[in-house]
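Structure record follows, encoded as structure tokens.
The values are calculated or read from the model by the stated rules, or taken from the named source; none is laboratory data. Because the structure is a prediction, the values reported are computed rather than measured. No Cβ is skipped: glycine too gets one built from the backbone with ideal geometry, and neighbour counts run over all protein chains shown.
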């Protein structure tokens, strides 16, 4: 029987802070396939995430198909908006949510992972943040726009650049995108649309460069809307989900595990000849050119 087998593989998943987003779903799917899972979590929620795990609040979500619990080998604080310690502004260093964590820039986390695990096989980027996400693009400031692109797109470039040198032969990397990279999604603002477009272009360039330099495959999943905690920051995620359910070729809920399983496939040897690809996992909404529930069609 053909299956996804990742036993003996080590996976670093950046951007997991709870059990409701796509990052968690990808991590869990990798664990289901036998991979050792390592997580990177945004420093402001790092302690909260650890307490949730320690207090058993996530026990149900940790349960795998065979009844066992997903084991998380290590959780690192990670702020992928900064590559090196000297990049971190003083107001961030002095912030109370950062004072009790250390080595949280991309270069430091990569070095720490190498120290403790030697090498890894899988790298997942599940990061998106825009300080002005609820603003229309035309009202977005330069700083807000650049911050969105830095945290949501360049962070993937930085992770591949710093982790690539110690990833094993046949390694693979994956990022998570959204339809706003290629179509207008009114309300998806603050420069996040540009960040996703950059992310998909970077996926193709990284596939070429990391493929030639380290033999690494690099792909992306353009996932449909999900009511995760991070998505709530956009402000209209529930309407986006309702729109997709009403108009997609498959008029049903899109679940996080569906995206997780697609990710596990792309990150596995089953996809050994697939790189530079953006795979839509969205019930097919990307294929639609008109809304079937539009009043103009009534």
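Within segment 24-45, the set of residues being part of a helix (DSSP H, G or I) and within 14 Å of the chain's Cα centre (by Cα) comprises 24, 25, 26, 27, 28, 29, 30. Do we have residue 215 as modelled with pLDDT of 95 or more, under 17 Å from the mean Cα position of the chain (by Cα) and over 30 Å from residue 134 (Cβ atoms) here? Here the answer is no, as residue 215 does not meet what is asked. Could you list all residues from segment 2-46 that are at positive phi and surrounded by fewer than 23 Cβ atoms within 10 Å (Cβ to Cβ)? Selection gives 8, 34. Based on what the data block shows, is residue 46 within 25 Å of residue 28 (Cα to Cα) and either in contact with a strand residue (DSSP E or B) (Cβ under 7 Å, 6 or more places away or on another chain) or at pLDDT 95 or above (or both)? When the stated conditions are applied, residue 46 passes them. Restricting attention to segment 235-254, the residues that are in a helix (DSSP H, G or I) and surrounded by fewer than 20 Cβ atoms within 10 Å (Cβ to Cβ) total 9. Scoring residue 99 on the criteria (1) in contact with a helix residue (DSSP H, G or I) (Cβ under 9 Å, 6 or more places away or on another chain); (2) within 27 Å of residue 3 (Cα to Cα) leaves a single failure, condition (2). Kindly indicate whether residue 62 is surrounded by fewer than 22 Cβ atoms within 10 Å (Cβ to Cβ) and at pLDDT below 95. No: the conditions fail for residue 62. Residue count for segment 117-158 satisfying the condition of being within 19 Å of residue 268 (Cα to Cα), buried (at least 19 other Cβ atoms within 10 Å of the Cβ) and touching a helix residue (DSSP H, G or I) at 6+ places or on another chain (Cβ under 8 Å): 6. Screening segment 181-197 for residues that are buried (at least 21 other Cβ atoms within 10 Å of the Cβ) and within 16 Å of the chain's Cα centre (by Cα) and picking the one that is farthest from residue 80 (Cα to Cα) gives 181. For residue 115, the criteria (1) assigned to a loop (DSSP other than H, G, I, E, B); (2) under 22 Å from residue 41 (Cβ atoms); (3) without any contact (Cβ under 8 Å) to a residue 12 or more places away in the chain hold in every case but one, which is (1). Across segment 1-23, the number of residues qualifying as in contact with a helix residue (DSSP H, G or I) (Cβ under 9 Å, 6 or more places away or on another chain) and in a loop (DSSP other than H, G, I, E, B) comes to 13.
Let's see how each residue does on (1) touching a strand residue (DSSP E or B) at 6+ places or on another chain (Cβ under 7 Å); (2) under 18 Å from residue 10 (Cα atoms); (3) outside any loop (DSSP other than H, G, I, E, B); (4) modelled with pLDDT of 95 or more:
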site	(1), (2), (3), (4)
127	yes, no, no, yes
158	no, no, yes, yes
162	no, yes, yes, yes
171	yes, yes, yes, yes
174	yes, yes, yes, yes
194	no, no, yes, yes
200	yes, no, yes, yes
204	no, no, yes, yes
209	no, no, yes, yes
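Restricting 114, 9 to those that are at pLDDT 95 or above, more than 29 Å from residue 178 (Cα to Cα) and in contact with a strand residue (DSSP E or B) (Cβ under 9 Å, 6 or more places away or on another chain) reduces the list to 114. Does at least one position in segment 78-90 carry a residue that is within 19 Å of the chain's Cα centre (by Cα), surrounded by 21 or more Cβ atoms within 10 Å (Cβ to Cβ), in a strand (DSSP E or B) and in contact (Cβ under 8 Å) with a residue 40 or more places away in the chain? No.
Looking at segment 255-282, which of its residues are farther than 26 Å from residue 170 by Cα and surrounded by fewer than 20 Cβ atoms within 10 Å (Cβ to Cβ)? Hit for segment 255-282 is 255, nothing else.
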